[in-house]
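The block underneath contains the structure these notes are about, expressed in structure tokens.
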Amino acid sequence: MSNPATERGRTFQRFSVGTNESLRFEPCEDSSPSPTGPEDGHNEDDVFRREGNETEMVSIRNQLQGKVAEMENFAGHLEEIFLTVEENFGRQEQNLEQHYNEVLQTLSQRYDDRASELEEEKKRKLESLYAQLLPCGQALDRSKDLIESAQEVHRSQDHRLFLKAAVPIIKRIEAFSREEVDLRLATSLEFNTPLADLSEVKTMMDSINVVPAPSAPVINPQTPNSASQTSLRVCWSLFSDDAVEFYELYYRPVLEDTPADGTSTPPVSRVKVKETHCTVTDLLPNAQYELWVTATNTTGISPASEKALYVTVPSPPVIRQRESSSCPEAALICWESGNTNPVDSYTVELTETGSDGTEGSATESIVAVPTCQCLIQLQAGRRYLVSVRAVNIGGSSDRSDVITVSTTGTFFQLLEDTAHPCLSISEDGFTLFYGDEELPMSAMALDDNTFTRSVAVLGNLIPVRGRHYWEVEVDDETEFRVGVAYEDTERNSYLGTNRTSWCMRHLRSPSRHKYEFLHNGWSPDLRITVHPLRIGLALDYERGTLSFFNADLEQHLHTFHCRFQTYVQPCFSLDNRGALTVHTGVAAPRHAFV
């Protein structure tokens, strides 16, 4: 605290005094306190242990049920993706088979057409050759006849007949020799090989190779535990048979106060990946991010997916030690979120420490705490390390700073927002001081929660209906009132003068010390001969008693009997200039609850 410190328009003087060491706290498990004390014949530790075990079993069961539901949802999602991939593969296979059959049919038709053309050309060539071969054969036949006739004439012995027959033969030979025979082939022996027109086949093949631009991907909602304080794991799907070369993931933080003209719109970042998932890093803790994705291939870019909101893991909470309290049976841990965006819940973790301060191996957790405070049932006479984690859908934050909780006695802090403006509180928060300077009423900053008549302050006693003990150190010159009061006790009256407060009052006169035990303005006629410098207060909800003791002498002074309808809070008041010191975390002596 600063010195002087200013709060709610009121000034508190701060000074250090030697007091008992205040407790330090850390987050721990949450469980509901028992509204009443333990039943007769049963040990309180056993009751709290059973209740704590039942609460832990319920929490574990709820966690398991949540995990089972998440796994079932994930399995259903995988099954949908599997069926979609299988359907897309079937359609693609059918398309390829259809294209393949069409290409084969076209090529087969081209082969049949070409074979028919070759057969026709062959027929024409053979007919032309036959037409040329026929006259050649006829000429050969005539030549043969002529040669045979000449040979017969030559073999004749009658010269007269030889000459008579030779003359016509010679004329025939002369006539035959004058005939010209065309010995050139009438047709080419080569076959024409025209280029095959495969343009249609090429078009069909190109149609197989043409890849359409992808359709828009579908970005998946954020899954639990998929983030850290500075990173997000994002997944998406492509529910089509389109080919994709790579994806581009776009993201930007979502700001609450963005001008309508868009002048302060955060820049868009981009990541290029080949898979359908990506981990984005270097992000802000507990921040919302807007994400969308596109798919790209050789043909083009798909439309963008619909935008999705993801959130990073929260920052660790900050435990409010001055608002935390404890008793031998339980502890109330209070903290601040420390995050701009709301979180889903909190987890309180506690570990018991040994007598030598070593940390135990077992850590208990109280999960799904909805608010920034948690009442934890503990075992008496132990020390615990407590911390808190903030949880959202992205995951759990790092744990807060660890505080120590002791269940040796009752520990509480003073509520400075209830203190009278003339009352100063020491830096450690346990010594009250009423100085010489009197502020005029006009200079006092008052509100509905501040004491206006009595220079008093309340303490934040833990709301557990068990046994509580604390002590107050005073001097013999200070006039004071110490006791308990309901939270809504009248702020414009003195403690003990109404039905909502019970207190021990010390009055100092020149001749003697006077003590009163006030409730609703009435006090029994009691005399105390030994002035108590250390007063013990024992509050027992089960019995409905508030007892006062001279702690140094272990002497009982007085007991109020009242069935407290609601929780009460410690109250302290100074009726003249002076100081008093509150001691908390003190183990209750045996005589306090006899």
Fill in: Cα Rg, Dmax (largest Cα-Cα span) when computed across region 263-319, Å
14.9, 57
Worksheet item: Efficiency by 1/(1 + (r/R0)^6): what FRET value for ARG453 and TYR250, r their Cβ-Cβ distance, R0 = 51 Å, to the nearest 0.05?
Response: 0.20
Worksheet item: Within region 477-496, whose backbone N sits under 20 Å from a point 7 Å along Cα→Cβ of GLN565?
Response: 484-496
Practice prompt. Heavy atoms only, probe 1.4 Å: what % of the accessible area of region 540-594 goes to carbon and sulfur, would you let me know?
Written response: 48
Worksheet item: Which FRET efficiency value, to the nearest 0.05, is calculated for THR279 and THR340 with the Förster distance at 25 angstrom and r the Cβ-Cβ distance?
Response: 0.60
Worksheet, complete the sentence: Unit-weight point scatterers at every alpha-carbon of region 352-481, Debye formula, q = 0.12, 0.15, 0.16, 0.23 1/Å: log10 I(q)/I(0) is -0.71, -0.95, -1.01, -1.44
Discussion item. Just to check, using Stokes-Einstein with a Kirkwood Rh over alpha carbon pairs, what's the diffusion coefficient of region 421-540 at 25 °C and 0.890 mPa s in µm²/s?
Written reply: 154
Practice prompt. Obtain the nm distance between the two label points defined at ARG320 and VAL268 by a simple spin-label model: each point lies 7 Å from its Cα along the Cα-to-C-beta direction.
Written response: 4.2
Worksheet item: If you stretched the chain out fully between GLU97 and ASP476, how much longer would it get, using 0.36 nm times the residue separation minus the C-alpha to C-alpha distance?
Response: 125.9 nm
Fill in: For region 496-584: span of alpha carbons on each principal axis (Å, largest first)
40, 27, 25
Worksheet item: On full extension of the chain, what length is gained from GLU152 through ALA587, given 0.36 nm per residue of separation minus the C-alpha to C-alpha distance?
Response: 140.2 nm
Discussion item. Which order do you get for THR358, THR489 if you rank them by accessible area with a 1.4 Å probe, largest at the top?
Written reply: THR358, THR489
Item to complete: Report, in whole Å, the centroid distance computed from the Cα atoms of region 446-501 and region 536-594.
Response: 12
Item to complete: Taking amide H positions as placed in the peptide plane 1.01 Å from N, state which residues far from THR410 in sequence (5 or more) or on other chains have amide H under 5 Å from it.
Response: TYR469, GLY585, VAL586
Item to complete: Just subtract the alpha-carbon distance of PHE82 and LEU309 from 0.36 nm times their residue separation and send over the number in nm, one decimal.
Response: 79.2 nm
Discussion item. Tell me the per residue accessible area of region 316-472 using a 1.4 Å probe; a whole number in Å² is fine.
Written reply: 38
Item to complete: Filter the GluC sites (Glu not before Pro) in region 302-334 down to the DSSP loop ones having no more than 12 other Cβ atoms within 10 Å, then list what survives.
Response: GLU306
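The values are calculated or read from the model by the stated rules, or taken from the named source; none is laboratory data. The structure displayed is predicted, hence computed values, not measured ones. Here Cβ is always computed from backbone atoms with ideal geometry, including for glycine, and neighbour counts include all displayed protein chains. Note: areas computed on protein heavy atoms with side chains; ligands, DNA, RNA excluded. Shrake-Rupley method; radii C 1.70, N 1.55, O 1.52, S 1.80 Å.
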